[in-house]
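Only one structure is covered here, and it is reproduced in the block below.
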Amino acid sequence: MNKEQLQGLLNQKYNPENWNKIYGSIFPNVMLFASPKEIAVSEQWVKSFRQRGLVRLDGNQDVAIFEVVLQDGISVQSKRVGLRNLVAKLIDEYQNHGVLAVFDNGSPEYRFTFAAKETKVTREGIEKSETDSKRYTYILGETETCKTAAEQFIKLAEKGTGISLTDLRDAFSVEKLSKQFFNEYKEQYNHFVGYLAS
């Protein structure tokens, strides 16, 4: 699947069949369940919570794939911390080193989130890291361009079976993408100023 095809799928309302294609084109080591596994939750704002599969990353780390359908009226735009925390509870660093989750409320947009936790032993002791709850997420769907997400997902796909947890973190890192944008902007600005000065 090329970038334009991927962007075209991301520009549609959430559709599980489209996402089966997307997961398959990005992750060679994806296993999608024939019947999604229902997960019980107590949050009243959740209609259904299912595990749809998992991705085996480089280094034998697994990332669970979740689909969360929200009650009507629950915003995917403003509830990102609560949404992320809902799925992050299932990161145990034994079975799941991270999660990829779609949050859908039936509107033209939906949220796609990555969350991960890592514990490392260093010379100083045990070091724990966790993805920030306000980052590592994309709003996708009919009202969004989905250009950045498509570009980042294609970069992941190009890695083939060598995708790591760090690669996923980089693909979702707003800070990294912002730095890249401003570096490219600065380069274009300097080029334009040089053109005007000559």
Query - Residue pairs meeting the criteria (Cβ under 8 Å; at least 6 apart or on separate chains; first within 11 Å of Leu10 (Cα to Cα), in the range 141-164; second β-branched (Val, Ile, Thr)) - result: Phe153/Ile22; Phe153/Ile26
Requested in this report: Identify the single condition in (1) in contact with a strand residue (DSSP E or B) (Cβ under 7 Å, 6 or more places away or on another chain); (2) within 17 Å of Ala149 (Cβ to Cβ); (3) open to solvent by 70 Å² or more (accessible area, probe 1.4 Å) that Leu10 does not satisfy, given that it satisfies every other one.
Outcome: (3)
Query raised in the report: Taking the stated definitions as given, is Lys134 farther than 16 Å from Ser25 by Cα, assigned to a helix (DSSP H, G or I) and either of a type in the set (A, V, I, L, M) or at pLDDT below 90 (or both)?
Result: no
Query - Residue pairs meeting the criteria (Cβ under 8 Å; at least 6 apart or on separate chains; first among the aromatic types (Phe, Trp, Tyr), in the range 82-102; second part of a strand (DSSP E or B)) - result: none
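In the set Gln77, Gln44, Gln5, which member is assigned to a loop (DSSP other than H, G, I, E, B), under 22 Å from Gly141 (Cβ atoms) and not charged (D, E, K, R)?
After applying the criteria, what remains is Gln77.
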Query raised in the report: Quick one: in the range 74-89, which of the residues that are in contact with a strand residue (DSSP E or B) (Cβ under 7 Å, 6 or more places away or on another chain) and among the charged types (D, E, K, R) is most open to solvent (accessible area, probe 1.4 Å)?
Result: Arg80
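The values are calculated or read from the model by the stated rules, or taken from the named source; none is laboratory data. Everything quoted here is computed from the prediction, not taken from an experiment. In this analysis, Cβ positions are derived from the backbone assuming ideal geometry, glycine residues included, and neighbour counts consider all displayed protein chains. To get the accessible areas, we keep the full protein, side chains included, count just its heavy atoms, and leave off ligands, DNA and RNA. Shrake-Rupley method; radii C 1.70, N 1.55, O 1.52, S 1.80 Å.
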